[in-house]
Amino acid sequence: MLESHQPTPKQRVALVIQYLGTHFHGWQRQPHHRSVQEEVEKVLANLLGYSVTLHGAGRTDSGVHAAAQVAHFDATGKIPAHKWATILNSYLPEDILILASASVSETWHARFSAVYRRYRYTIYTGEQPNLFVRRFSWHYYRAPLDEFLIQAALKPLLGHHHLAAFHRSNSARRHSWVEVQAVECYRNGPFLHIEIQANGFLYGMVRLLVGMLVQVGTGERSLASFTDLWKNERREEVKYAAPAHGLCLLRVGYPDFPFPKTVWFDTQPLFVIQSPTINNQQSTINN
């Protein structure tokens, strides 16, 4: 009996990826700079014997982290889709981790099938610097930040808006319309977290937005002034962006996702710093 020489069918593999953005020039492959996309593509090419393109759900900027970026690639071969995560982790550098892999349909797309992306920005307001949180938060201690004022400033952003005020000028995107689906500002001890969920994000949007929200939180800018700024597209008043290292792509949502929530929904840990009172109590108990 003759052996079958039919070609191995192509499969589409989805990945959930974590990475520390500190030493990356962003997600997207680019010449002369280290990127997450290129690092994963190099390993895939070595394993498969040919080049593939890794399609991501979004393009994080230089220095920005990801708790659950989503990507996909097409490949032929005998490796089951669910084993790709373990195999890739054996070869990837320490600042990239594949949380899970799974087979998806040929029409599923990491970018175009997504219905939302959610980012979290972390601000550390403690008076003293802390080395262990430096890479993942903006140390802002010059003035107290009122999380209730920031939350009040965020709420009018809900809905479909033209947010050109928070759109970096060198972006290739032709418009600045964004559907903001959820906003939240909350405090966890000395850490203040700002979360924004939208169908998509403009280039540099979250960092520019946080930079202006800090002005609201300190009382330097009124709520009315902040709302007027973005509604009337006063881009010239947006003077600076919050640092990249405080920003993390928290998750990407899909109507049909092959991964359980434990893999992708909320995988960036929140920092906790105990008060001196609690520490002293524990010391007394231990003694």
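The values are calculated or read from the model by the stated rules, or taken from the named source; none is laboratory data. Note that the structure is predicted; figures quoted are calculated from it, not measured. No Cβ is skipped: glycine too gets one built from the backbone with ideal geometry, and neighbour counts run over all protein chains shown. Note: areas computed on protein heavy atoms with side chains; ligands, DNA, RNA excluded. Shrake-Rupley method; radii C 1.70, N 1.55, O 1.52, S 1.80 Å.
Observations on the model:
- Summed over the range 80-98, residues that are open to solvent by 40 Å² or more (accessible area, probe 1.4 Å) and either without any contact (Cβ under 8 Å) to a residue 40 or more places away in the chain or within 30 Å of ALA198 (Cβ to Cβ) (or both) total 8.
- Test: residue in the range 63-79 that is farther than 24 Å from GLU184 by Cβ, of a type in the set (A, V, I, L, M, F, W, C), open to solvent by less than 40 Å² (accessible area, probe 1.4 Å) and out of contact with any helix residue (DSSP H, G or I) (no Cβ under 9 Å at 6 or more places or on another chain): no
- Here is the figure for the range 125-173: residues that are open to solvent by less than 20 Å² (accessible area, probe 1.4 Å) and in a strand (DSSP E or B) total 0.
- Of residues in the range 231-248 being of a type in the set (Gly, Ala, Ser) and part of a loop (DSSP other than H, G, I, E, B), the one surrounded by the most Cβ atoms within 10 Å (Cβ to Cβ): ALA242
- Filtered by the rule that a residue be open to solvent by less than 10 Å² (accessible area, probe 1.4 Å) and over 12 Å from the mean Cα position of the chain (by Cα), the range 188-197 gives PHE191, LEU192, HIS193, ILE194.
- Selection of the range 174-220 for residues being among the β-branched types (Val, Ile, Thr) and in a helix (DSSP H, G or I) yields VAL206, VAL210, VAL214, VAL216, THR218.
- Checking each residue in the range 209-230 for being open to solvent by 10 Å² or more (accessible area, probe 1.4 Å), more than 21 Å from ALA143 (Cα to Cα) and either in contact (Cβ under 8 Å) with a residue 40 or more places away in the chain or under 24 Å from the mean Cα position of the chain (by Cα) (or both) picks out only THR227.
- Residue in the range 263-277 that is part of a loop (DSSP other than H, G, I, E, B) and among the charged types (D, E, K, R) present: yes
- Top-ranked residue of the range 38-55 - restricted to ones that are within 17 Å of ILE79 (Cα to Cα) and hydroxyl-bearing (Ser, Thr, Tyr), ranked as least open to solvent (accessible area, probe 1.4 Å): TYR50
- For the range 249-266, the set of residues classified as closer than 23 Å to GLY159 by Cα, open to solvent by 10 Å² or more (accessible area, probe 1.4 Å) and touching a strand residue (DSSP E or B) at 6+ places or on another chain (Cβ under 7 Å) consists of ARG251, PHE265, listed by residue number.
- Number of residues in the range 5-55 that are under 14 Å from LEU92 (Cα atoms) and of a type in the set (S, T, N, Q) equals 4.
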